[in-house]
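S.K.: Structure below; questions to follow.
The values are calculated or read from the model by the stated rules, or taken from the named source; none is laboratory data. Given the structure is predicted, the values throughout are model-derived calculations rather than measurements. Glycine also receives a Cβ, built like all others from the backbone with ideal geometry; neighbour counts cover every protein chain displayed. Note: areas computed on protein heavy atoms with side chains; ligands, DNA, RNA excluded. Shrake-Rupley method; radii C 1.70, N 1.55, O 1.52, S 1.80 Å.
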Amino acid sequence: MDELKVNKSFWDFYAEIYDEKKADFDKYLRGRSIKTLQTFFKPGQNLIEIGCGTGTESLEMIKYGCKLTLTDLSPQMLKKAYEKIGDKARYVNLPAEYIDSFKIQFDGAYSSFGVLNCVTDIGEFFKKLHTILKPNAYFIASIINRWYWGDFLFFALGITNYLKKRLKGWGYISVDGKEYNAKANFYSVFKIKKIASPYFELEKCIAFPILLPPPYLKPKDRLPEKIFKILDKIESALNGLFPFKYFGEQTIFIFRRK
Ligand SMILES: C[S@@+](CC[C@H](N)C(=O)[O-])C[C@H]1O[C@@H](n2cnc3c(N)ncnc32)[C@H](O)[C@@H]1O
């Protein structure tokens, strides 16, 4: 698959600078993502991470007491993850498109921060993932949303022009304003729920974030600490409620394998 080759070279290139570029995300959204994983997974479980990147979340899940298999399309990302985690995890260089290569069933799976937006056939992915998870296992994924209300506001204010890409349904990934030839697809919450529905039940979804500005606007640097804390509190009260849960920048999906 040519698209996989293109994506692999992009992510290999990005691996070296990934942690530095995602520092704004790590500053406040990473904690929420890890907290969600630790709410649904239990110490001692055997988990698989799909698109592990540099291993930030798996490191925390290992400290929490889970056993981890880290997978990623990019060998360079896995190398970075190994530098963080060492021999405490198992590493497999495998695109999500071939996730059914595993011959065991895991207690749970997760895939954070837009990995599934990069997968070439997301319907096939859910079908294959189903085969490597035990019945009732959780699959937790954060996926970039197609319908983010903030896009309309930021577009009107001339701050970002992500609106066009999202409405089109896909776009080339950019780093520091430069577009690369790797693609990301954007899905509504309804679409993801429907695609996954033959294999997974959607137990819950959470906007990520809904009120706090997205990390690429560097809210931690721009907003006074007091305002940030107030927004953060309101965020926690609203992000799982209708209609807010459908219109976040990303969405955290809590799926149960059927
Ligand atoms: C935005 S990063 C997220 C990394 C990590 N999950 C995190 O939370 O920081 C996307 C990751 O997905 C990986 N990726 C992209 N396409 C993939 C695919 N088809 N199969 C598996 N991994 C993929 C990339 O190599 C990269 O590590």
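S.K.: Find all pairs meeting these conditions: Cβ atoms under 6 angstrom apart; at least six residues apart or on different chains; first residue within the stretch 224-247 and assigned to a loop (DSSP other than H, G, I, E, B); second residue open to solvent by less than 90 Å² (accessible area, probe 1.4 Å).
M.R.: So the pair list comes out as Asn239/Ile206; Asn239/Ala207; Asn239/Ile210; Gly240/Ile206.
S.K.: Still on this model: Can you name the residue in the stretch 91-122 that is of a type in the set (S, T, N, Q) and assigned to a helix (DSSP H, G or I) and, of all such residues, is nearest to Pro214 (Cα to Cα)?
M.R.: Asn117
S.K.: So is Cys66 closer than 24 Å to Asn185 by Cα, surrounded by 14 or more Cβ atoms within 10 Å (Cβ to Cβ) and not polar (S, T, N, Q) or not?
M.R.: The answer is no for Cys66.
S.K.: Failed condition for Ser58, given (1) over 20 Å from Phe125 (Cβ atoms); (2) free of Cβ contacts under 8 Å to residues at least 40 places away in the same chain; (3) in a helix (DSSP H, G or I); (4) among the polar types (S, T, N, Q), with all others met?
M.R.: With (1) over 20 Å from Phe125 (Cβ atoms); (2) free of Cβ contacts under 8 Å to residues at least 40 places away in the same chain; (3) in a helix (DSSP H, G or I); (4) among the polar types (S, T, N, Q) applied to Ser58, the lone miss is (1).
S.K.: To continue, here is another question. Out of the residues in the stretch 22-46 that are near the ligand (Cβ under 10 Å from one of its atoms) and either open to solvent by 30 Å² or more (accessible area, probe 1.4 Å) or out of contact with any helix residue (DSSP H, G or I) (no Cβ under 9 Å at 6 or more places or on another chain) (or both), which is farthest from Met61 (Cα to Cα)?
M.R.: For the stretch 22-46, the residue satisfying everything is Lys22.
S.K.: What are the residues in the stretch 95-128 that are touching a Lys or Arg at 6+ places or on another chain (Cβ under 8 Å) and among the polar types (S, T, N, Q), if any?
M.R.: Gln105
S.K.: Looking at Ser142, Ser174, which is the one that is assigned to a strand (DSSP E or B), at pLDDT below 95 and within 27 Å of Ser9 (Cα to Cα)?
M.R.: Of Ser142, Ser174, the one residue that is assigned to a strand (DSSP E or B), at pLDDT below 95 and within 27 Å of Ser9 (Cα to Cα) is Ser174.
S.K.: Residues in the stretch 212-235: is at least one surrounded by 14 or more Cβ atoms within 10 Å (Cβ to Cβ), modelled with pLDDT of 95 or more and within 17 Å of the chain's Cα centre (by Cα)?
M.R.: no
S.K.: If only one of Phe154, Phe190, Phe125 is assigned to a helix (DSSP H, G or I) and in contact with a Ser or Thr (Cβ under 6 Å, 6 or more places away or on another chain), which one is it?
M.R.: Phe154
S.K.: How many of the residues making up the stretch 131-161 are hydroxyl-bearing (Ser, Thr, Tyr) and open to solvent by 70 Å² or more (accessible area, probe 1.4 Å)?
M.R.: Residues that pass the stated criteria total 1.
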